[in-house]
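Asks: Here it is, the structure, as structure tokens.
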Amino acid sequence: MLTLIETRGLRLARSADRLLSPPDFSLEAGERLCLLGASGRGKTSLLHALLGFVPVHEGSLQVFGRERRSEADFIPLRGPLGLLFQDPADQLFGPTALEDVAFGPLNQGLEHRAAHALALETLTALGLERLAERPVQQLSGGEQRLVALAGVLAMKPRMLLLDEPSSGLDENACARLLACLLETGLPMLVASHDQELVHRLGTRTLSL
């Protein structure tokens with residue numbers, strides 16, 4: 001199997017005076033690895049480190065077969081690695097749900113009509129087509145989370161990094177989320193306290 005992520009002796013500089021030492025792990029193509037652990041154990045920091053948002057203090061971090069350490073190493077990963085933030089407000093910028101989801105594909109060079117068609121298709125896959133013209137500020141927290149996920153998926157990433165993806169979702173929304181994630185067939189790292197989601201989505205777990 002193709003190894004997508006591999007870490008060895010990693011220490012992350014979460015702040016000037018705090019280092020995190022997650023266990024060594026690897027992620028193979030087709031795997032969905034769920035990160036477990038109490039709040040403050042570094043699940044979010046580990047996801048962010050894969051994109052260079054949390055500095056590597058020491059150790060080895062390889063993504064797609066290359067060592068990643070400098071900002072220049074991480075820039076090429078910020079399209080292929082689709083990150084869903086723990087707080088969806090951190091990644092919602094468009095005036096409406098449709099415009100927000102179309103934002104990424106437009107930045108990738110897709111023509112306006114094609115980008116909006118892709119955005120609507122992605123919203124529909126998550127059962128959100130009725131929200132397409134709604135201002136994102138008027139959406140509930142759960143709706144914002146799903147719209148943010150639609151924005152990630154519309155950019156056609158090679159891998160997903162999901163931070164508490166089911167937080168704030170009701171049972172029906174969780175079911176749609178799970179079905180959509182499984183349908184992608186993408187490898188993923190998932191930080192979650194939702195034991196049901198972990199059981200149904202994960203192929204493997206890692207305790208931090």
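Asks: How far, in nm, would the chain grow between GLN195 and LEU19 when pulled straight, counting 0.36 nm per residue and subtracting the alpha carbon separation? Don't skip to the answer; put the middle values down first.
Replies: Working: separation 176, 0.36 × 176 = 63.36 nm, distance 2.75 nm.
Stretched out fully, the GLN195 to LEU19 stretch lengthens by 60.6 nm.
Asks: Report, as a whole number in µm² per second, the diffusion coefficient that Stokes-Einstein gives for the chain at 4 °C and 1.567 mPa s using the Kirkwood radius over alpha carbon pairs. Intermediate results must be reported in sequence, preceding the final value.
Replies: Details: Rh = 17.5 Å.
So the translational diffusion coefficient is about 74 µm²/s.
Asks: Can you give the % of DSSP beta bridges in the chain that are antiparallel, to the nearest 5? Write out the running numbers ahead of the final one.
Replies: Working: 15 of 31 bridges.
So the antiparallel bridges amount to about 50 percent of the total.
Asks: From Cα pairs below 8 angstrom and at least 6 apart in sequence, can you work out the relative contact order of the range 88-156, rounded to a whole percent?
Replies: Computed over the range 88-156, the figure is 47 percent.
Asks: Could the peptides 144-152, 100-108 be put in order, highest first, of the mean number of other beta-carbon atoms found within 10 Å of their residues? Don't skip to the end; give the middle numbers.
Replies: Working: 144-152: 24.9, 100-108: 20.9.
Result, highest mean Cβ count within 10 Å first: 144-152, 100-108.
Asks: Would you mind checking the tilt of helix 112-125 against the longest principal axis of the Cα atoms of the chain, expressed as 0 to 90 degrees and rounded to 10?
Replies: 80
Asks: Going by alpha carbons, how many degrees (0 to 90, nearest 10) lie between the helix axis of 171-184 and the longest principal axis of the chain?
Replies: Roughly 70 degrees between the two axes.
Asks: Let me ask another. Within the set of other residues whose C-beta is less than 14 Å from the C-beta of ALA132, count the net charge using Lys and Arg as +1 and Asp and Glu as -1. It would help to have the intermediate numbers written out before the result.
Replies: Working: positive: ARG130, ARG134; negative: GLU99, ASP100, GLU121, GLU129, GLU133, GLU143.
So the surrounding residues net to -4.
Asks: Any chance you could list the semi-axes, whole Å, largest first, of the equivalent ellipsoid that the Cα gyration tensor gives for the range 88-156, using √(5λ)? Before the final figure, lay out each step's value.
Replies: Working: eigenvalues 60, 27, 21 Å².
Semi-axes (√(5λ), whole Å): 17, 12, 10.
Asks: Oh, and also: Grab every C-alpha pair in the range 95-208, bin the distances at 10 angstrom width from 0 up to the longest one, and report whole percents.
Replies: Using 10 Å bins, I get a P(r) of 14, 46, 31, 8, 0 for the range 95-208.
Asks: So, one more: Could you list CYS34, CYS180 in order of exposure, starting from the residue whose Cβ has the fewest other Cβ atoms within 10 Å?
Replies: Numbers: CYS34 23, CYS180 17.
Exposure proxy ranking, most exposed first: CYS180, CYS34.
Asks: Further question on the same structure: Relative to the compact globular guide of 2.2 N^0.38 Å, what is the alpha carbon radius of gyration of the range 39-112, as a ratio? Write out the running numbers ahead of the final one.
Replies: Working: Rg = 14.7 Å, N = 74, 2.2 N^0.38 = 11.3 Å.
The value comes to 1.31.
Asks: Further question on the same structure: Principal axis lengths of the range 1-74 from Cα atoms, whole Å, largest first?
Replies: 38, 30, 18
Asks: In whole percent, what relative contact order does the chain give with Cα contacts below 8 Å and a gap of six or more residues? Could the numbers behind the result be given before it?
Replies: Working: 371 pairs, mean separation 58.8, N = 208.
About 28 percent, as a whole number.
Asks: Could you calculate the contour length gain from ALA29 to ASP90, that is, 0.36 nm times the residue separation minus the distance between their Cα atoms, to one decimal place in nm? The partial results should precede the final answer.
Replies: Working: separation 61, 0.36 × 61 = 21.96 nm, distance 2.83 nm.
Extra length available between ALA29 and ASP90 comes to 19.1 nm.
Asks: By how many degrees, between 0 and 90 and to the nearest 10, does the Cα long axis of helix 141-154 differ from the longest principal axis of the chain?
Replies: Relative to the chain, helix 141-154 is tipped by roughly 80 degrees.
Every number here is computed from the coordinates shown, using simple stated rules; none is lab data. Note that this is a predicted model, so its numbers are computed, not measured. In this analysis, Cβ positions are derived from the backbone assuming ideal geometry, glycine residues included, and neighbour counts consider all displayed protein chains.
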